[in-house]
Structures are given as C-alpha cells and as structure tokens.
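For reference, the structure is listed below as structure tokens.
The values are calculated or read from the model by the stated rules, or taken from the named source; none is laboratory data. These numbers were taken from a predicted model, which means no experiment stands behind them. With ideal geometry, Cβ positions are generated from the backbone for all residues, glycine too; neighbour counts draw on all protein chains shown. The accessibility values were calculated without ligands, DNA or RNA, using every heavy atom of the protein model including side chains. Shrake-Rupley method; radii C 1.70, N 1.55, O 1.52, S 1.80 Å.
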Amino acid sequence: PIGWALASLAELRPGCRVLDPMCGRAGVLLEAARLQPLAACVGCDRNAAQLEGAAANADAAARQGALPLLLMHADATRLPLHDGSVDAVLSDLPFGRKHGRREGLYAAALREWRRVLRPGGCAVLLTTRKAELAEVVSADPAWAKVGRHHLMIGALMACAHVLRRQ
C-alpha cells in the first residue's frame, strides 16, 4: 500500500523513468510498475543484501508478467545517473529508527535527486521526520512544494511530501 500511495501521488505516465534511490527490497518500485506498467523503473541501494532481496522480488513479479526493474548498487547521495535523466523520484526515506540516523542525509540526498530529476519532474518522499525534510526543501529554491499527505504506518504517522523540481 505504501508504494502504491507514493506512485499514485507521482501521477506516473507511460514511458516515464522512475527512480527509487533507496529501494531496499523494491516494494515501492514494484507498486509503481504495477500502477504504471509502461514506466521504466530503476532502483538503487547501497546495501547488497537489500538489492538481493529486490532482485528476488523483481524476478517473482516478472514471472507474473511485470516488466523487469533495473537495480544498481549505489549510494543515494552519489547516483550513477546522468543529470535530468529521471521523471520521478519515489522514496520511503529512512525514519532513523531501524537503521539509525545519518546527519545530513536528507540534505545530501535531495541535492543529488535534484541533479538526476528533470526540470518539472516529481519527487514523492515519505518520512516521519517532517521538520527536517521541510527545512531542506525550504533551503533549496529548486524544489516547489506541491502537497503533503499523512499516512499511518502501524503506530507511526508518516507524511508523503510531493515536490516538483523547478
């Protein structure tokens, strides 16, 4: 449901290139591919074990007719992608509870995602750290706030921020 919600908010179009720069086991990307089967979905993660899980999930989805995902071992703050090469960025950002908190991660990630996202492209970012994300977005005039949607994830109240790359 989370992946579907993020992909729905991005209003994906046929032929668009969708990136999840912290894809984990690719749940968000697989929902995006299900919602828009003609999208090219790219997932990156710096954790090899997570990418193995993503590959297994993508293989299972492909056996049911889904288009393949392109998965890459990469840090979300240093992506091996060309400037302006993606139409949408979808990310279930780390909340800082399960894997700890990396200071400055949101700022570094959004700088890099601005680089790879084409002007006019959309980013839909899920987090419980609303104030930190809002501060990063407000400090960068290349991001325009489009909307904010609250989601319950178990007992946590998270927020999906919809941004447009200027």
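Scan segment 1-21 residue by residue and report those that are open to solvent by less than 60 Å² (accessible area, probe 1.4 Å) and not in a loop (DSSP other than H, G, I, E, B).
2, 3, 5, 6, 7, 8, 9, 10, 18, 19, 20
Within segment 76-99, is even one residue within 12 Å of the chain's Cα centre (by Cα), polar (S, T, N, Q) and either crowded, with 19+ Cβ neighbours inside 10 Å or assigned to a strand (DSSP E or B) (or both)?
Yes, segment 76-99 contains at least one residue that is within 12 Å of the chain's Cα centre (by Cα), polar (S, T, N, Q) and either crowded, with 19+ Cβ neighbours inside 10 Å or assigned to a strand (DSSP E or B) (or both).
Hey, among the residues in segment 133-148 that are closer than 22 Å to residue 7 by Cα, touching a residue at least 24 places away in the same chain (Cβ under 8 Å) and in contact with a Lys or Arg (Cβ under 8 Å, 6 or more places away or on another chain), which one's surrounded by the fewest Cβ atoms within 10 Å (Cβ to Cβ)?
146
Please work out if residue 50 is over 25 Å from residue 107 (Cβ atoms) and of a type outside the set (A, V, I, L, M, F, W, C).
no
Working carefully through the options 158, 108, 123, find the one that is open to solvent by 10 Å² or more (accessible area, probe 1.4 Å) and either out of contact with any Lys or Arg (no Cβ under 7 Å at 6 or more places or on another chain) or in a strand (DSSP E or B) (or both).
108
Suppose we filter 65, 15 for residues that are more than 28 Å from residue 132 (Cα to Cα) and at pLDDT below 95; which single one remains?
Just a single option satisfies the conditions, and that option is 65.
Restricted to segment 22-72, and to residues that are among the basic types (Lys, Arg) and not in a loop (DSSP other than H, G, I, E, B), which residue is least open to solvent (accessible area, probe 1.4 Å)?
Across segment 22-72, the extreme among qualifying residues is 34.
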